[in-house]
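Trainee: The structure that follows is given in the form of structure tokens.
Laboratory data are not the source of any read-out in this text; all were calculated from the coordinates shown. Here the structure is a predicted model, which is why all the values come from computation and not from measurement. FYI the Cβ positions are ideal-geometry reconstructions off the backbone, even for glycines, and counts take in every protein chain you see.
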Amino acid sequence: MTKEQESGMALPMVLWTITLLAGIVVLLVGVLDGWISEESRSGKLFKARQQALSGIAIAMSPTLKPGDPILTHSNSDHSEGYSVVMKDEGGLINPNAWLGATPDHRDLFQKLFASWGLDINQCATAADGLYDWQSATPLRSLHGAKQADYEAAGQKGLPPGAPFLSPEEMSWVHGFADVKDAKPEWPTYFTTYSGTNGINILYAPKGILADLLGLTSAQADTWITLRNGKDGIEGTEDDFNGKPPGDVPSTMRLMGLRNVPPNITSAFTTSSWGSIRHIESTGFFNGVKHRITVVTSGGSLLGWSEQ
């Protein structure tokens, strides 16, 4: 090979090498930038969680009341801090109350699931599945699932034949997948910590008011504004402007509801703001947020979740 030929081949090799190295540099820069961004977000998330924990530590005091200024805190430029909201856990649905009643209230589950877009068969399957999960009898409901069905799916030892320990446990029920798909926020409707005497209609959240009672969005907002009083905060002395409504039928009439079926009316109760608190603490740091939700009673921790 002549020197001219070697020289002619060297130039493309050099250019190719330069291009390869440039590509590697660009790739590394992208990878490093991703690592740095991820590390930066992780650091912010850690600090946001610390702020949320601070809010929880303060709100856990049983003597602290909703609306106390200490439940909200931020630094001078509002880039770091926490905000805590207290709610009455009694306003949520206790599935054990519905399923353990005689007769049981699978019809209420079906009404709720239908409002979320499930068809009649999906509603029946989910409701029967929930019943069979907590029922101690080996008998299988028409659309439900018992031990043999769970074992066939590789889930040994299920169902437990005992009440639900948490709303999350409901997601393990056969036939409940359609509910999860139709309503991703379904856990926010349920609790296993409140009493079994019914949903406190005075403090039920907007979703339950709309999906179970059939209120329009505007009607539900109007009711919540009325019940929270002038300060707009649930659980304070000015709720209902100091004049709480009477029994469930009277309350429903005040809400504008007429001719409510007995099975719906019986699912609710009225009582003062309860002792079981639903506390949501949202911590934030430089645009990143972290929420911690706890359920407490008398300062004792009953439940904990994070997102």
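Trainee: I want to verify the translational diffusion coefficient of region 82-128 in µm²/s; compute it with Stokes-Einstein, Rh as the Kirkwood radius over Cα pairs, at 20 °C and 1.002 mPa s.
Mentor: Rounded to a whole number, D works out at 175 µm²/s.
Trainee: Could you sort 67-76, 92-101 so that the peptide with the highest average Cβ count within 10 Å comes first and the rest follow in order?
Mentor: 92-101, 67-76
Trainee: Any lysines with Cα under 21 Å of the K156 Cα? List them, leaving off those in the same chain fewer than 8 positions away.
Mentor: Counting by Cα, and skipping residues close in sequence, K156 has these lysines nearby: K146.
Trainee: Based on the Kirkwood radius over alpha-carbon pairs, what value in µm²/s does the Stokes-Einstein equation return for the translational diffusion coefficient of region 109-150 at 10 °C and 1.306 mPa s?
Mentor: 151 µm²/s
Trainee: Can you compute the charge dipole magnitude of region 79-163 about its Cα centre, using +1 on each Lys and Arg Cβ and -1 on each Asp and Glu Cβ, nothing else charged? Give it in debye, rounded to the nearest 20.
Mentor: 180 debye
Trainee: Right, another one. Mind listing the Cα extents of region 162-307 along all three principal axes, in Å, largest one first?
Mentor: 40, 39, 31
Trainee: Something else about it: Using a Cα-Cα cut-off of under 12 Å, which aspartates and glutamates could be cross-linked to K44, ignoring same-chain neighbours fewer than 8 residues away?
Mentor: E80
Trainee: In the calculated pair distance distribution of region 95-190, what percentage of Cα-Cα distances lie above 19 Å?
Mentor: In whole percent, the long-distance tail amounts to 33.
Trainee: Per residue, what volume in Å³ does the Cα convex hull of the chain take up?
Mentor: 233 Å³
Trainee: Is there a pair in K183/K206; K65/K183; K47/K206 whose C-alpha atoms are over 21 Å apart, and which pairs would that be?
Mentor: Over 21 Å Cα-Cα: K65/K183; K47/K206.
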